[in-house]
Each structure stands twice: as structure tokens, then as C-alpha cells.
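One structure below.
The values are calculated or read from the model by the stated rules, or taken from the named source; none is laboratory data. Computed from a predicted model, the values in this text were never measured in an experiment. Here the Cβ positions follow ideal geometry from the backbone for every residue, glycine too, while neighbour counts run over all protein chains shown.
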Amino acid sequence: MVGSNDLARGGCSEEATVLGILRISEEIHYHHPFDIIVIQGILPRSNRPDGSLTPSHTSGLSSLFSKTHRVKEGESTTELMAENDFLLWPSIVNINKELEKFCALHEHTVYFDASKLFLGSMGNAYYKQKKEEIVRELMPDFVHPSLEGYRVMGTAIAEEVNRIIYEEDESNDVEGDSGRRQRQVQELDETAGSNQQIRRPDANDRV
């Protein structure tokens, strides 16, 4: 829940939340300089009963709804949560964009967005609503993934890890000694080659 709780319970601004996540990434990179670090975006979060991410505009409150989650000087955490708790999603989107930009500029990091796994829209063959909501089966309290939610996310993470390791994606290649993914692929290819069955020549073979 790194980042999510910083916003909802810690009273942190968007900027402070981004810096906190990047500081963790920096510490990991310091201890494991040859590894690729995957930074996962903050998952969607809602305190509305229906799991929607955008409050309905009500007369006299539209100016409040247009705000994002930022700490004001002299504002208590309780006041901040009361005013902005239902506006976390816009801030989460902003934070995730900054994390994605950071990863695009640093070859040892890869951004992974899991938000889309937990979002959906009601509709049928004739109409689909525009607003997205959190899928209750995957996140019953609209904060924590369910067992099925973790299964879905785990599958997506495994696919992303395989993509990073095995795909010939130049945007994820790391040059020099830090190209661990390339070495892993090479080692797998060498292992596969050594395990191939060797056929003995027989009398029918032509010289």
C-alpha cells in the first residue's frame, strides 16, 4: 500500500508521495545495481459506496470536487482527509504519470500499471457508461484486493516479468555489465542447447 496510504492516511501531497516511492527505488538500486526495478503504479482507491472514482457533481459543491489532494500549511490530517478522501483517484493518476515518466528516463526501471486490472464500466450491448468503477469482486472494500484480485494481479505481474526478461525490447535493454536480462536469455538458450539429444551416426548416413 505504498503511496495509497501516504495519500489517504498520511496526509502526504502528491509530490511527497512520488518522492517517497522513488526513494525506495533508489535504495533498492543502491543495493542491487545490476537488477531491473519494476515500479508498480498505485492501485485505484475509493471510499464511495459504489466504488466510483469520480464524485457526482452536486449543486454548490462543484468547486470542491475540482480540487486535488494537496496539503495546505496549517491544515490538520483530519481536516485534509475529510475534504479530500473521496478525491484520491485524481491524485493517484497524477502520481502514476510521474512514476511512468521517471521510469522512461531511467534504464534500470520499468513502470507497471495495474490500475486497469481493477477497473470496469457497467453496460450492455447497446450502452456503456463512461465513468469507470472499481470491480467489487476484485477489490471488495475498494482499497485492498481480494483473493481473486491478487490472482489476477499476480498473473499480470508474471506476464510483465516474462516480457521484461524474454522479449527483445530495446527500451528495456540495459547496456554493459548491467544487462542481466540478456545474460539470462543467453544462459537459458545455452542450457536448452546442451540438453538436446545427440543422434549417433549409422551406416545409412552419407559422408
Taking first residues from the range 75-99 that are within 15 Å of L43 (Cα to Cα) and second residues anywhere that are modelled with pLDDT of 90 or more and polar (S, T, N, Q), the pairs with Cβ under 6 Å that are 6 or more apart or on different chains are I95/T17
Looking at the range 1-30, I want the residues that are over 23 Å from L105 (Cβ atoms) and modelled with pLDDT of 95 or more and have a partner that is exposed (fewer than 15 other Cβ atoms within 10 Å of the Cβ) and small (G, A, S) with Cβ atoms under 9 Å, at least 6 apart or on another chain. Which pairs are those?
none
For residues that are of a type in the set (A, V, I, L, M, F, W, C) and in a loop (DSSP other than H, G, I, E, B), tally how many sit in the range 25-49.
4
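Please count how many residues of the range 1-24 are in a helix (DSSP H, G or I) and either of a type in the set (D, E, K, R) or surrounded by fewer than 19 Cβ atoms within 10 Å (Cβ to Cβ) (or both).
Initially, the range 1-24 is screened for residues in a helix (DSSP H, G or I), giving 4-8, 14-24.
Then keep just the ones that are either of a type in the set (D, E, K, R) or surrounded by fewer than 19 Cβ atoms within 10 Å (Cβ to Cβ) (or both); that gives 5-6, 14-16, 19-20, 22-24.
Of the residues in the range 1-24, 10 are in a helix (DSSP H, G or I) and either of a type in the set (D, E, K, R) or surrounded by fewer than 19 Cβ atoms within 10 Å (Cβ to Cβ) (or both).
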Identify all residues within the range 120-151 that are buried (at least 18 other Cβ atoms within 10 Å of the Cβ) and not in a loop (DSSP other than H, G, I, E, B); write none if there are none.
E133, I134, G149
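This table checks each residue for (1) modelled with pLDDT of 95 or more; (2) under 23 Å from V38 (Cα atoms).
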| residue | (1), (2) |
| --- | --- |
| M81 | no, no |
| H108 | no, yes |
| Q129 | no, no |
| V135 | no, no |
| D141 | no, no |
| S146 | yes, yes |
| A158 | no, yes |
